[in-house]
Amino acid sequence: MGMTMTQKILAAHAGLDSVVAGQLIEADLDLVLGNDITSPVAIHEIEKMKVDGVFHRDKIALVMDHFIPNKDIKSAEHCKCVREFACKNEITNYFDVGQMGIEHALLPEKGLTVAGDVIIGADSHTCTYGALGAFSTGVGSTDMAAGMATGKAWFKVPSAIKFNIVGKPQEYISGKDLILHIIGMIGVDGALYKSMEFVGEGIKHLSMDDRLCISNMAIEAGAKNGIFPVDDVTIAYMKEHSKREYKVFEADEDAVYDEEYTIDLSQLKSTVSFPHLPENTRTIDEVGDVTIDQVVIGSCTNGRFEDLAMADKILKGKKVKKGLRVIIIPGTQQIYLDAMEAGFIKDFIEAGCVVSTPTCGPCLGGYMGVLAAGERCVSTTNRNFVGRMGHVDSEVYLASPAVAAASALTGKISGPKEVM
């Protein structure tokens, strides 16, 4: 029986010739990730193990990004805990204020994730790195602790769903629209503990930023991971950002998939996810008249350079709707610099937006954009659960940077073609 791309990566890291869906394996890890919220729990667990340090100081990444710069005493204590642990264990890849970024934007940029890797992270959106042809998945803090101590993790080998991507997207249609369309189609549990494997000639029209966004939201369909094949786009990105060796795994022709779907990019429309589940999607022509109070453009889903470039294309030379709050958050310090050099930051400020240091803040209702009761926000983030960005009586509408920027100009959910 043939293996999927994910299954081949897991088999190689478990030292096995082959694996099958449902099999329990122990696999070697290439990277273990934690942030300022999840790492303290893992650190306290690893202290209980009484192990002598970590398995490899170069293969652990600790990124302070959720409440950074510290928003309160509790977040300051969390970061102090992680900072002291990183110093004690001489962790190479520790990222704090001034060097940090949103973890899932930062690690690929720093070249810490490449094709063929097995990566775990104590953050559900660790599945992002499948865009580079790696197996990456979120775990709990205790699993993170075990991974830091031993360099290994247990997995149940996932079965897979194949998504055959064809066609070429129309203007203003991005990876965010594709993944929202898929989640709307299969539901938030449609890929539960499965691998979402994206293939097809249409992938050539998806940039690396698109792919990172799509893989990032695989978890919103319940998936164990999302993964793309390695092509020229992937190789060019890895050569630009990383000095590490990568390994290409390809699915067998007779690999087994639970379901297969074909999606024509040329037929996609701007898509919005209504409260309070990512699967509650509508195309832009089905939205109706929904007034909003706030727009957030950023996060590990859509805080990359191309996302800011799209926002700038729509906002430049215009003014945001009076009374509307528009918050733009570059994903990393480098993206911030690149956006500054491209003139985006000046355009955003002149349009009436605020621009923040990289942070996850508003995405999880932490800070930098918490919503009050009755308020509505169009956000390029990944979740719109009840109370996700603040008060339980607030509403979050997930959308692409193009839709978010257009909505910032009109004060209601709008498509980019309405303002251009």
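The values are calculated or read from the model by the stated rules, or taken from the named source; none is laboratory data. For clarity, every value in this text was computed on a predicted model and none was experimentally measured. Here the Cβ is made from the backbone with ideal geometry for all residues, glycine too, and neighbour counts use every protein chain on show. Side chains are part of the model used for accessible areas, which takes the heavy atoms of the whole protein and leaves out ligands, DNA and RNA. Shrake-Rupley method; radii C 1.70, N 1.55, O 1.52, S 1.80 Å.
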Task: Dipole of the chain, positive end: most advanced residue of SER215, GLY167, ALA122 [Cβ charges, Cα centre] - done: ALA122
- [ ] Kindly state, to the nearest 0.05, the FRET efficiency for GLU26 paired with LYS80, given R0 = 41 Å and r defined as their beta-carbon distance.
- [x] 0.75
Open item on the list: What distance in nm separates the two pseudo spin-label positions at VAL354 and ASP289, each 7 Å out from Cα along the beta-carbon direction?
Closed with: 3.0 nm
Open item on the list: What distance in nm lies between label points placed 7 Å from Cα along the C-beta direction at ASP232 and CYS87?
Closed with: 4.9 nm
Task: Computed lengthening from GLU253 to GLN99, 0.36 nm per intervening residue step minus Cα-Cα distance - done: 51.1 nm
Open item on the list: For the range 60-187, compute the orientation-averaged projected area of the C-alpha convex hull (one quarter of its surface), in nm².
Closed with: 10.7 nm²
Task: Surface share of carbon and sulfur [accessible, 1.4 angstrom probe, percent] for the chain - done: 50 percent
TODO: For the pairs LYS176/LYS417; LYS168/LYS417; LYS8/LYS88; LYS346/LYS412; LYS162/LYS247, note any where the Cα-Cα span goes beyond 26 Å.
DONE: LYS8/LYS88
Task: For the range 280-320, with +1 on Lys and Arg beta carbons and -1 on Asp and Glu, the positive-most of ILE284, ILE314, VAL296 along the dipole - done: ILE314
- [ ] Sort the range 28-120 into rounded, prolate or oblate with this rule: let a ≥ b ≥ c be the square roots of the eigenvalues of the Cα gyration tensor; rounded if a/c is under 1.5, and if a/c is not under 1.5, prolate when a/b is larger than b/c, oblate otherwise.
- [x] oblate
- [ ] Take GLU245, project a point 7 Å from its Cα along the Cβ direction, then tell me which residues of the range 11-35 have their backbone nitrogen under 18 Å from it.
- [x] 12-16, 28-31
TODO: Note down the magnitude of the dipole of the range 292-420 about its Cα centre, charges +1 on Lys and Arg C-beta and -1 on Asp and Glu C-beta and zero elsewhere, to the nearest 20 debye.
DONE: 280 debye
Open item on the list: As a quick test, which of the pairs LYS50/LYS152; LYS74/LYS110; LYS152/LYS224 have an alpha carbon distance above 23 angstrom in this structure?
Closed with: LYS74/LYS110
- [ ] Could you check which residue among ASP58, ASP293, ASP285 shows the biggest mean-square fluctuation in a GNM of the chain with a 10 Å Cα cutoff?
- [x] ASP285
- [ ] Compute the whole-percent fraction of alpha carbon pairs in the range 27-82 spaced more than 15 Å apart.
- [x] 53 percent
Task: Two-site label geometry, HIS56 and MET185: point separation in nm, points 7 Å out along Cα→Cβ - done: 3.7 nm
Open item on the list: For the chain, what does the accessible surface come to per residue with a 1.4 Å probe? Please give it in Å².
Closed with: 39 Å²
Task: Cβ-based charge dipole, the range 218-350, positive-most Cα from PRO275, ALA236, LEU265 - done: PRO275
Task: Global form of the range 129-247, assessed from the alpha-carbon gyration tensor, a/c cut-off 1.5 - done: oblate
TODO: Classify the range 223-381 as rounded, prolate or oblate from the Cα gyration tensor: take a ≥ b ≥ c as the square roots of its eigenvalues, call it rounded if a/c is under 1.5, otherwise prolate when a/b beats b/c and oblate if not.
DONE: oblate
- [ ] Go through 45-54, 8-17, 372-381, 177-186 and give me the packing order, highest mean Cβ count within 10 Å leading.
- [x] 177-186, 372-381, 8-17, 45-54
Open item on the list: Rounded to the nearest angstrom and ordered from largest down, what semi-axes does the equivalent ellipsoid of the chain get from its C-alpha gyration tensor (root of 5λ)?
Closed with: 32, 26, 19
Open item on the list: Suppose R0 equals 25 Å. What FRET efficiency, 1/(1 + (r/R0)^6) with r the Cβ-Cβ distance, do LYS71 and LYS319 give to the nearest 0.05?
Closed with: 0.25
Task: Selected from ASP72, ASP30, ASP338 as most flexible by GNM, with the chain as the system and alpha-carbon contacts under 10 Å - done: ASP72
